Structure formats: structure tokens, C-alpha cells
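Notes for the one structure printed next.
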Amino acid sequence: MLIANFYKTICAMKTKEPLARQSQLKARIFTPSAFYKHLKIAIASFSDLRKARKNGNVSKAFSEKIMLAVTQVNGCRYCNYVHTKNAIDAGASEDEINMMLNGELGEGGKDESVALLFAQHYADTDGNPDKETYENFVNHYGEHKAVDIMAMIRIIMAANIHGISLDAMLSRFKGEKMKDSKFSNELGIALGILVLFPAAIVQVWFEKLFSNKNMFTKKQTKMKTKNTASVMTLLLALLLGTGTSYAQNNEDSADYSVMSRLDMSPRPAGFQPTKATPVNGAYIQSVTTASSRVLNDETIMLKKVSVQALGEKGFSPWEFLCDEGGHTYEQSAPNPLSYMVAGISSSLLTSVEQAIKVMDLDVASAKVEAKVFFRYDDPFTPKWLGYTDKLVANILIESDEPAEKIAELKKMAVQAWAVGECISNPTPVDAQFEYNTKIWETESASLGKVIGDESYDNDLMITSKGNNPKPESFKLGTDVSMEKFTNPFIFEVVSISESANDVQRPYLHKIKIKAIQENYAAWDIYADDSRGYEGLDKAPTSGDYFTAGTSLCLMSQLTGWSEVLKHQGIEINDYRAEHQFNYQVDNYMTPSATGHVDNVITRILIKSNASEKVMSDYAIHALGTCFAGDAVSMETPTEVGIYKNGKLIE
């Protein structure tokens, strides 16, 4: 693709005087490894460039000037010719272009000059701009426009390197060797692109796949050392294959909101949903889920789950869309662990608010901040395992009540917190696998996409991308790079829940969630635990979020392992994950209220022509790499603190 464009440019330059002086450009010399690095970045930016061309945030003339700013630093004659002509065709003057080649910004004004200076800085630093310069650039244009400009910069960077090498090789054949240029580098870049380009496409796809996922499993106590040979073997096996894509214009593709109310309850095929029977004044919320894939040509990690608290008057079935982020892709919906941690913080806040009511305390406000630590050991090896290492949850109270009362409040709330008990103590899990059932005749995965981050229900915006959480009781970590997985690979997910102050629904919570990882967005969502109040729920329950997050987490693992098997010649045609959690609070709404989860139902449904043993091993691997499964089935260290008016109560 690049080669064809450059050969056309060469022919044009032979027959026509360039619009800007080529002699002003001094070519920089690059190696094939440097080219491959920028080629991967450019490929990953193609979708952003397409979007930029459509949304019109950056004018055609401005776009061409940005590319010329990079070219002026790198010194590619061919790119200079093409983008000079394009810029003039788009309305820029030849004088303005020549000023840019002389290091002056021309007549674009301050708004353009920020991008042009940043483009030159990006090229000068070989694609490694300093943090402050980058942040100033993003702050000036805003996130969306900055992404558009970055796509242009990254793509022209790779094109410059290829053009310079092709120019150097052709000049060498004419007896005009380019200074400091080596023939091996020229050949490796100019013609090596025939190999490097498809390899880069596959690697970008691979990074998009495996940087998008959260995996979870049985807890171990020892850290594993990295097995480099195993890592490279598995990576090579995956890189030799091709990714999954879906021609979304070949059949109807559904448009999904991130979250929406459903008319129909979840229909799990692996078990019969049954509301557990309460005993002796206990309250039981039985939450059921059914999750499935959403086929999409940009990511294989898109999925959906239907979820509902069974038999609860006024509690609706809901559908969540779920996506992952990664080094080259920003998620279109919250990831599984964000939903799960939202359920953790919101359910604790409900326990706190109920305890305040039982104790008849005068409390101005209550808030819960939660942070969960996750870890991979030996990623991308046969020993790959995932863990939920620790849960930290802090209750923030604004009140003039005595400290002793606030300490008692914490004790009562934690004792009644069923989700917390499920995490801090091992919970029995009934996990079974079913193969090639009749469900696939009507419930196969279908094409779809998320149409935006904002979801509305009865005029309430129940999902949207927002600003990063700002916890008061602990520090927010730095986004973990998704380009490479360290061993161990450790990251956090944070959730902050506070009352939405809704008179009709007193347990309606506004929740801010974020996985502290590269290209994982911060999300604002709502939960409604207002049991027994008039009217319809305004959002899913906290139990819905925790249960759905677990199902979606398992779906991520099934996706990952299906791709591994594909590269071994084994096709997994489709799969689903289904759950039921029974959240029970004994002596509900009394000082002795005690929460617990006594059992969890897990079903994995698989469609494949593989042997039953292969499918069984596939399901076991998925369960064995499940963060959420580890949090539920094993004992997870849990720390709960309580603050009164900003001060920790010991």
C-alpha cells in the first residue's frame, strides 16, 4: 500500500517541479526496527484517522500542514511533495508552506501552531514526546480532537521513514548514495514492508486481543518466574495466525446502548432460575445472568449480559454491554471488573445506609471508596494465572455523631454486607459445562456495536464516560501500560459510590468506576437498591453489577482461550456464561443483620465439533484464569476502614 503510493509520487516528481523546494529537506536515517515500531503505531491509528476524516474536527488544510510539520523534521522528499500539493489544493498558500519548511509556523494562528509544534516535537523525539508537552497538547485541543491529530502524526511518521528509505535505495542505484545510509536498512525498510506490514497488522490485532482482557482463577501463594521460552512459543503461535473479523454490512447489525432496560428476564439454558427461599426473616436477592458475544469488526472482546434480581417487585431485567481497552484500542463500554467493583462499593454503601437507618443516626452524607488489586502470573504461558489479591474499601461519613457510634456503624454495615462476605470467605461454586445444546438454534452470537457512551432511561443518564475518580481515602494509581505484560502484571480497579439523593429511591447510587489501565475509560453509572419502595427501579441493583461482572469476566476468558485453540486448529464456534448468586441477609434491617452468599451457580455452554475432552479442558482453562472466580471461590484479603469528617477512626 505504501509502496504503490510512493511509486506514483516518484513518477509525478519526475514530470513536474515540486511545489516546495526539496533541497531544503535533510533526510534522517532510520533502522528497520524503528520503522516496524512506527508501522505498528500507524496501523493501530488507521481507525482513528478514518473517524477524523468523517467528523471534520481537523480541516483538510490543517491536516496537511500537520503532516508537513512531521515531514519537515524527518526530511522525506516524497511525502513533502504529496502533502505540499494537497495543502495548496486545500487552500494553503505556497508562501505559507515554504515558511514551514524554513521552520516558521506561517499564518495558521495560535490554534494551529500548538499542533504543528507538537508534531515537530513528536518527530524530533522519535515518537516519544515528553509528558508535559503531550498533556499541554491534549488540554489545548481536548481529548477527541487530540486523538484525531495524533492519528495523522503517527501515520505520516511511518510514511516518512518508508519514503526516505525508498528514496535512498533508488538514489543508490543512480550512483548517488545518501549520506550515512546503509543498504541493508534501505532494503529492509523499502522492500521489507512486504513482510513487515502484514506482520504488524497481525501483531496489532494480537495486542488488541490480549491487552483487552481480564483473566481470573484459583489462588496460589507463590509468584512464578517468567518462562521466556514459553512466552515466545505462545506469542509466535498466535502471531502466525490471523484475527477474527466480521463483515458487519453483510447482515443486519444491532445498535446497542451501553445499558438498557429489557422486557424479558434472562433465559439461562444451563439451569432453571429459582429464587431461593428466605428463612426466619432473612432477605434473599437471587440474581441471574445470561451472557453472550457481540460480533464486531473492531474488537472480539465485545459482549453483552442480561441480568435480573428474581421475583423482586419493581426490579427490572437489564442488559449491559461490555468491552475492554488496550494499547491500541479504547473501550466502548465498561470492562467486566469495573462492573464487578461497582457492585462491591454500591452494595457496601447500601449496608451503610441501612445501618444508619437502623441506628437512627444523624448523618449528613455517606460515601464508599473501593479499590481492588488484581494480578497476572506468567502471562501468555501455559502457567498463566490470575488473582484477586486484595480489596480495600473505605466508608466516608460526614456527621457530628460520636466516634464510637460511627465505629459501631461500620461493624454493623460490614456484618450485613453479603457481597463482602462472598469475597472475604470462600464461597462454594457449582460449575458445570454443557456442549452443543439446542440453545444454539436460537441464541447464537450476532453482529452489533455500541452507539455511544451515554445511556438514558426515563430521562436519567445511567451511563456516560466521565472524569477520573478522585478518591479521598487512598491514592489513585497510574494507568498501567497495556503494550507489554510484565511478570507479575498488577493493576487496580477503583469505584466510588455515593447517594444520588433521590427522594423516591433513597438507595439510588451514583457510581464512578475505572480500571487503572491504558485506554480504559472512567465511567459514571447508577445502581438502585431501593427494595420495597413504590415505583419502578431507576437502575440495576448492586447485586446485578457484581453478578454480571462475574459472568462477563468469564466471557473474557472464554474469548481468549478460544483464540488460543484456534491457532492450534481447534474451532470453538460459540460460547455463553451463565450465573446465579443468592445474596442473603439474615435478620434483615436489624442490629444483628448478617450477610452471606452460600452458593453460586456457574454454567458454561459451548458450541464446537471438538471432542468433549477438548471442550472440557477449554472450560476448565477459562475458569482457571478468572479473576472474579478467584475472588468468589477463594479467601480474598479485605480491609474496611471508616472515616468521620475526613479522619480515620481506628
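The values are calculated or read from the model by the stated rules, or taken from the named source; none is laboratory data. Not measured: the values here are computed from a predicted model. Neighbour counts run over all protein chains shown; Cβ positions are idealised from the backbone, glycine included. SASA here: full protein model, heavy atoms, side chains in, ligands and nucleic acids out. Shrake-Rupley method; radii C 1.70, N 1.55, O 1.52, S 1.80 Å.
If only one of MET169, MET157, MET99, MET152 is aliphatic (A, V, I, L, M) and either surrounded by fewer than 16 Cβ atoms within 10 Å (Cβ to Cβ) or at pLDDT below 85 (or both), which one is it?
Details: MET169 fails: either surrounded by fewer than 16 Cβ atoms within 10 Å (Cβ to Cβ) or at pLDDT below 85 (or both); MET157 fails: either surrounded by fewer than 16 Cβ atoms within 10 Å (Cβ to Cβ) or at pLDDT below 85 (or both); MET152 fails: either surrounded by fewer than 16 Cβ atoms within 10 Å (Cβ to Cβ) or at pLDDT below 85 (or both).
Result of the check over MET169, MET157, MET99, MET152: MET99.
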Single residue of the stretch 107-149 satisfying the filter (of a type in the set (Lys, Arg) and loosely packed, with under 12 Cβ neighbours inside 10 Å) that is modelled with the highest pLDDT: LYS131
In the set ILE525, ILE516, the lone residue that is within 17 Å of VAL307 (Cα to Cα) and either touching an Asp or Glu at 6+ places or on another chain (Cβ under 7 Å) or aliphatic (A, V, I, L, M) (or both) is ILE525
Filter result (in contact (Cβ under 8 Å) with a residue 60 or more places away in the chain, surrounded by fewer than 24 Cβ atoms within 10 Å (Cβ to Cβ) and under 27 Å from THR328 (Cα atoms)) within the stretch 518-533: GLU518, ASN519, ALA521, ASP524
Set SER338, SER291: member being open to solvent by less than 10 Å² (accessible area, probe 1.4 Å), more than 25 Å from GLU404 (Cβ to Cβ) and in a strand (DSSP E or B): SER291
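Checking the conditions here, which among GLU401, GLU483, GLU472 is closer than 24 Å to LYS371 by Cβ, out of contact with any Pro (no Cβ under 8 Å at 6 or more places or on another chain), at pLDDT 95 or above and acidic (Asp, Glu)?
Working: GLU401 fails: closer than 24 Å to LYS371 by Cβ; GLU483 fails: at pLDDT 95 or above.
Step by step, each of GLU401, GLU483, GLU472 is checked, and only GLU472 is closer than 24 Å to LYS371 by Cβ, out of contact with any Pro (no Cβ under 8 Å at 6 or more places or on another chain), at pLDDT 95 or above and acidic (Asp, Glu).
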Check LYS85 against each of (1) closer than 23 Å to LYS26 by Cβ; (2) crowded, with 22+ Cβ neighbours inside 10 Å; (3) not β-branched (Val, Ile, Thr) and name the one condition it does not meet. (2)
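Among the candidates LEU409, LEU396, LEU447, which residue alone is touching a strand residue (DSSP E or B) at 6+ places or on another chain (Cβ under 8 Å), under 28 Å from THR541 (Cβ atoms) and not in a helix (DSSP H, G or I)? Quick ask: steps written out before the conclusion?
Working: LEU409 fails: not in a helix (DSSP H, G or I); LEU447 fails: under 28 Å from THR541 (Cβ atoms).
Answer to the check: LEU396.
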Which of (1) out of contact with any Pro (no Cβ under 7 Å at 6 or more places or on another chain); (2) of a type in the set (A, V, I, L, M, F, W, C); (3) open to solvent by less than 40 Å² (accessible area, probe 1.4 Å) does VAL503 not meet, given it meets every other one? (3)
Can you tell me which condition ARG375 does not meet? The list is (1) under 30 Å from PHE271 (Cβ atoms); (2) open to solvent by 10 Å² or more (accessible area, probe 1.4 Å); (3) touching a Gly at 6+ places or on another chain (Cβ under 8 Å), and all the others hold. (1)
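Taking ILE462 as the residue in question, decide whether it is open to solvent by 80 Å² or more (accessible area, probe 1.4 Å) and either touching a Pro at 6+ places or on another chain (Cβ under 7 Å) or not charged (D, E, K, R) (or both). Walk me through it before giving the result.
Numbers: open to solvent by 80 Å² or more (accessible area, probe 1.4 Å): no; either touching a Pro at 6+ places or on another chain (Cβ under 7 Å) or not charged (D, E, K, R) (or both): yes.
Here the answer is no, as ILE462 does not meet what is asked.
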Are any of the residues in the stretch 35-45 at pLDDT below 85 and either over 25 Å from GLY127 (Cα atoms) or buried (at least 17 other Cβ atoms within 10 Å of the Cβ) (or both)? yes
Conditions: (1) of a type in the set (D, E, K, R); (2) within 25 Å of the chain's Cα centre (by Cα); (3) within 17 Å of GLY270 (Cα to Cα). GLU612 meets all but one. Number of the miss? (2)
Go through SER556, SER542, SER551 for me and flag whichever is at pLDDT below 95, crowded, with 24+ Cβ neighbours inside 10 Å and either touching a Phe, Trp or Tyr at 6+ places or on another chain (Cβ under 6 Å) or of a type outside the set (A, V, I, L, M) (or both). SER556
Within the stretch 574-625, can you find the residues that are out of contact with any His (no Cβ under 9 Å at 6 or more places or on another chain), surrounded by fewer than 22 Cβ atoms within 10 Å (Cβ to Cβ) and charged (D, E, K, R)? ASP574, ASP598, LYS607, GLU612, LYS613, ASP617
Subset of the stretch 323-336 (residues that are over 15 Å from ILE451 (Cβ atoms) and either free of Cβ contacts under 8 Å to residues at least 40 places away in the same chain or out of contact with any Cys (no Cβ under 7 Å at 6 or more places or on another chain) (or both)): GLU324, GLY325, GLY326, HIS327, THR328, TYR329, GLU330
